[in-house]
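Trainee: Before I ask anything, here is the structure I am working with.
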Amino acid sequence: MSKQIPRHRAKTILHPKGIEVISFEEMYQAKSKKRIMFNLHRVSFYHLFWFKGEDCSLHIKGEKINIENNNLLFLNKDVIHQYSLNTCEGEIILFASSFLGNTQEKINFINTCSLFKSDYSIIRPRSEHFVFLLNTYFSFMKRKTDKSKDHELSILRNNLHNLLMIAERECSQQIIKYGTTFSFSLISQFNSLLDEYYKTQKQVNFYADELDVSERKLSQIVVKAFGITAKEYINEKIFIEAKRLLKYSTFSQKEIANEIGFDLTYFVKFFKKHNDTTPGQFRKNG
Amino acid sequence: MENKNNMGFWTFPMENPEYYHLHRMQENQASLFYILWIQEIHSPLSPEITELLHIRPDAILLVDAYLIPFFFSLNLKGQLIVFSESFCRTKENMDLLKLVFFHCHDEGVVEIDTLNESQHECLHLMEMEYNAPYDSFQPAILLNLLSNFLLLTTSYTYYDEQLMQSHFLDYALQFENLVDKYALTEKKIPFYAFQIGITEKTLVKSLQLIFNTSPKAIIKNRIIFLTRRMVVFSEKSITQIAHEAGFDVSYFVKFFFQATGMSPKAFREKYAALFNV
């Protein structure tokens, strides 16, 4: 039997429109959220924290992350985390992907923005100007909170999109190169196919067939977007899932191997190739 | 490759002569949209002008192309924001644009109601973003800010949420697009009702609800607007313009005089002179 980490869906704790802008203080006072936030949990929506004050921390994937004054932290969906009990202040934006991605352009943004590719990113402001922008956008978004009005929701959406873009700009500094629209939508389709089929289908040609492009073309586009080949990208996805299961479930190694569609021997071999340790050692070292 | 100069968006201070370079660059300068944020007034203006044009510090004006040189001649301190229709990309943004700029088409200049600081904030953020180095995010950030500005502006004027989601809005915007295209050749209302596929009565009701005016008035104003543009920006003769608008010359001159208080020739001379500062 496994002890499951609870996964909360956006529907149950997030505002039905898929967006909330609240301060830490308000968050602590919301009963439905309080019950969840101080325990290990994961949720199906994104967080954007803006920390104010010196003594701030957050537990992400079992690690205590210390955060400095004025830092911005983007937390991806489905990442296991836990709030720390401290006197930290700040603002939080909670949003679902369905809220932000109402147009193709914004879906493309989600699929190519580097923030959405890692478990979490900390953005340290390098200039006064950036802090000024954070201030302006957050106060703007706090003012526009009548979610029953469509135009106010649109304003919130535009502001959130801008906030993420300036955060992305601040943390990458290098210019992100956009491909053509064709490769955008292909990558996003590839990602969703992968989510659905990675357990049973591990060959690039399956995905290329589904997407109706040649294997070569798919790999080219993946290399351009992520810097690794399509095959490596698929393996990476499986490896991350394996690590997740090892760390947070009580499944045996054999069950985990089964779960991701390998036999046990191959699973151990696969894992060693990616991590230089065996699954058993990885689990022990935590 | 897209860059700052060809994304279809510009903003600069009123005291910057770059404006004139921009105008020489633009082949179709008349079809750009202008938002003017007045910050300071240096030299005192005559009372007639202030009464007519709502020029006061902190006012946000929507201005039609032909009046822009006139504003430059007033020695104002302020920010000018210019963008093309194609910059707006999505249908939602285009619709917003049509709603906000509707009355600007008729009157040449409209002061917009500002309820709080948010609209100023949007314009200020646009200015800052535009002055930052160009990258692939810049057009999207500017467009979001512009869209927010338009949304805030419509929310004060057209606050009725139910009306905004009704089919009346759709009809009114369809009419608006058709008038843009056909005003000079088709002056009869049944033509437009037929094109949209609704009765004349529904058309009248839609326009009354959304724009608070009649189809007849819109068509007439659009003819004034389009001929005014041609008089200022094209090199066509007045006779030619009259024919294109479907009038004989003497009627056109009378019509134009009624609307602008000036004959086409005098109008052309006045505004052409302003352009060649």
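The values are calculated or read from the model by the stated rules, or taken from the named source; none is laboratory data. Quantities reported herein were computed from a predicted structural model and do not represent experimental measurements. Glycine also receives a Cβ, built like all others from the backbone with ideal geometry; neighbour counts cover every protein chain displayed. The accessibility values were calculated without ligands, DNA or RNA, using every heavy atom of the protein model including side chains. Shrake-Rupley method; radii C 1.70, N 1.55, O 1.52, S 1.80 Å.
Trainee: If each DSSP helix of 4+ residues adds -39,500 (n - 2.57) and the sum is divided by the residues in chain A, what number results at 222 nm, nearest 500 deg cm²/dmol? Intermediate results must be reported in sequence, preceding the final value.
Mentor: Details: 14 runs with 151 residues, N = 286.
For chain A, the value works out to -16000 deg cm²/dmol.
Trainee: Note the per residue figure in Å³ for the convex hull of the C-alpha positions in the range A:4-51.
Mentor: About 86 Å³ per residue, rounded to a whole number.
Trainee: Probe radius 1.4 Å, ligands and nucleic acids left out: can you give me the accessible area buried at the B-A interface, summed over both chains, in Å² to the nearest hundred?
Mentor: Approximately 2300 Å² gets buried when B meets A.
Trainee: May I pose another question? Radius of gyration and Dmax for the range A:30-144's Cα atoms, expressed in Å?
Mentor: 14.5, 40
Trainee: Kindly report the accessible area of chain B per residue (heavy atoms of protein chains, probe 1.4 Å, no ligands, DNA or RNA), in Å².
Mentor: Numbers: 12850 Å² over 277 residues.
I get 46 Å² per residue for this part.
Trainee: Search the structure for amide H atoms under 5 Å from the amide H of A:Ser23, placed 1.01 Å from N in the peptide plane, and list their residues when 5 or more places away or on another chain.
Mentor: Result for A:Ser23 returns A:Ile92.
Trainee: A further question on this structure: Pairing the Cα long axis of helix A:181-197 with the longest principal axis of chain A, what angle in degrees results, from 0 to 90 and rounded to the nearest 10?
Mentor: 70 degrees
Trainee: Name the aspartates and glutamates eligible as straight-distance cross-link partners of A:Lys33: C-alpha to C-alpha under 13 Å, and not fewer than 8 places from it in the same chain.
Mentor: In chain and number order, the partners are A:Glu20, A:Glu25.
Trainee: What whole-number value in Å² describes the accessible area per residue of chain A for a 1.4 Å probe?
Mentor: I get 51 Å² per residue for chain A.
Trainee: State which helices in chain B qualify, where a helix is a whole DSSP H run, it must extend 24 Å or more along its own axis by its Cα atoms, and its mean Kyte-Doolittle hydropathy must be at least -1.0. Mind dumping the intermediate values first?
Mentor: Numbers: long enough: B:91-107 (25 Å, -0.36); B:138-157 (29 Å, 0.93); B:215-233 (27 Å, 0.65).
Within chain B the helices that satisfy the rule are B:91-107, B:138-157, B:215-233.
Trainee: Here's a follow-up. Per-residue Cβ counts within 10 Å, from other chains only, averaged over A:155-161: what number is that?
Mentor: Average neighbour count from other chains, rounded to a whole number: 5.
Trainee: Sticking with this one: Can you list the lysines whose alpha carbon sits under 30 Å from that of B:Lys77, skipping same-chain ones fewer than 8 residues off?
Mentor: Partners within reach: B:Lys4, B:Lys98, B:Lys270.
Trainee: Same structure, new question: So what is Rg over Rh here for the protein assembly as shown, counting just Cα atoms and using Kirkwood for Rh?
Mentor: Dividing the radius of gyration by the Kirkwood radius yields 1.06.
Trainee: Something else now. Kindly flag which residue pairs out of A:Lys61/A:Lys243; A:Lys231/A:Lys269; A:Lys199/A:Lys231; A:Lys61/A:Lys231; B:Lys201/B:Lys254; A:Lys64/A:Lys202 have an alpha-carbon separation exceeding 23 Å in this structure.
Mentor: A:Lys61/A:Lys231; B:Lys201/B:Lys254; A:Lys64/A:Lys202
Trainee: Using Cα centres only, tell me the gap between the range A:8-34 and the range A:226-263 in whole Å.
Mentor: Between the Cα centre of the range A:8-34 and that of the range A:226-263, the gap is 31 Å.
Trainee: By how many degrees, between 0 and 90 and to the nearest 10, does the Cα long axis of helix A:215-226 differ from the longest principal axis of chain A?
Mentor: 40 degrees
Trainee: Once you have all Cα-Cα distances for the range B:55-167, histogram them in 10 Å bins from zero and send the whole-percent values.
Mentor: 12, 43, 37, 9, 0
Trainee: For chain A, what size does the Cα cloud have along each of its three principal axes, sorted from largest down, in whole Å?
Mentor: 55, 44, 36
Trainee: How about the range A:86-155: which trypsin sites (Lys or Arg not before Pro) there lie in a loop by DSSP and see at most 12 other Cβ atoms within 10 Å?
Mentor: Numbers: sites: A:Lys106, A:Lys117, A:Arg126, A:Lys142, A:Arg143, A:Lys144, A:Lys147, A:Lys149; in loops: A:Arg126, A:Lys144, A:Lys147, A:Lys149.
Those that pass, being in a loop and sparsely packed, are A:Arg126.
Trainee: Could you give the alpha-carbon Rg of the range A:19-89 over 2.2 N^0.38 Å, rounded to two decimals? Write down the numbers at each step before the final one.
Mentor: On the way: Rg = 11.4 Å, N = 71, 2.2 N^0.38 = 11.1 Å.
In units of the 2.2 N^0.38 Å rule of thumb, it is 1.02.
Trainee: Right, another one. Counting only Cα atoms, I'd like the Rg/Rh figure for the range B:146-277, Kirkwood definition for Rh.
Mentor: Here Rg/Rh amounts to 1.05.
Trainee: Next up: For chain A, modelled as a GNM with alpha-carbon contacts under 10 angstrom, which of A:Leu186, A:Leu133, A:Leu163 fluctuates the most?
Mentor: A:Leu133
Trainee: Taking the Cα atoms of the range A:181-257, what is the range of coordinates along each of the three principal axes, in descending order and whole Å?
Mentor: Principal extents (largest minus smallest coordinate, Cα): 42, 21, 17 Å.
Trainee: Taking the Cα centre of the protein assembly as shown as origin, sum charge times position over the Cβ atoms of Lys and Arg (+1) and Asp and Glu (-1), and report the length of that vector in debye to the nearest 20.
Mentor: Taking the Cα centre of the protein assembly as shown as origin, the dipole is about 1940 debye.
Trainee: Counting Lys +1, Arg +1, Asp -1, Glu -1, what net charge surrounds B:Ser214 among other residues with beta carbon under 15 Å of its beta carbon?
Mentor: Summing Lys and Arg as +1 and Asp and Glu as -1 gives +4.
Trainee: Work from the charge dipole of the range A:76-132 (Cβ charges, +1 for Lys and Arg, -1 for Asp and Glu, about the Cα centre) and give the residue of A:Gly90, A:His129, A:Asn111 farthest towards its positive end.
Mentor: So the residue we want is A:Asn111.
Trainee: Right, something else. Would you list A:Lys202, B:Lys77, B:Lys4, B:Lys254 from the most to the least accessible area, probe 1.4 Å? Can you show the working numbers first?
Mentor: Working: A:Lys202 30, B:Lys77 70, B:Lys4 50, B:Lys254 135 Å².
Descending accessible area places them as B:Lys254, B:Lys77, B:Lys4, A:Lys202.
Trainee: Sticking with this one: What does DSSP give for the range A:1-89 in terms of the percent of beta bridges that are antiparallel, rounded to the nearest 5?
Mentor: 90 percent
Trainee: Hey, another quick one. So which GluC sites (Glu not before Pro) in the range A:52-99 end up in coil per DSSP with only 13 or fewer other C-beta atoms within 10 Å?
Mentor: Counting only loop positions with at most 13 other Cβ atoms within 10 Å, the GluC sites (Glu not before Pro) in the range A:52-99 are A:Glu54, A:Glu68.
Trainee: Using only atoms on other chains, find how many Cβ atoms lie within 10 Å of each Cβ of peptide B:88-98 and report the average.
Mentor: Details: counts 0, 2, 3, 0, 3, 1, 0, 0, 2, 0, 0.
Across the residues of B:88-98, the mean count of other-chain Cβ atoms within 10 Å is 1.
Trainee: At 1.4 Å probe size, with the rest of the protein present, what percent of the exposed accessible area of the range B:166-277 is carbon and sulfur atoms?
Mentor: 56 percent
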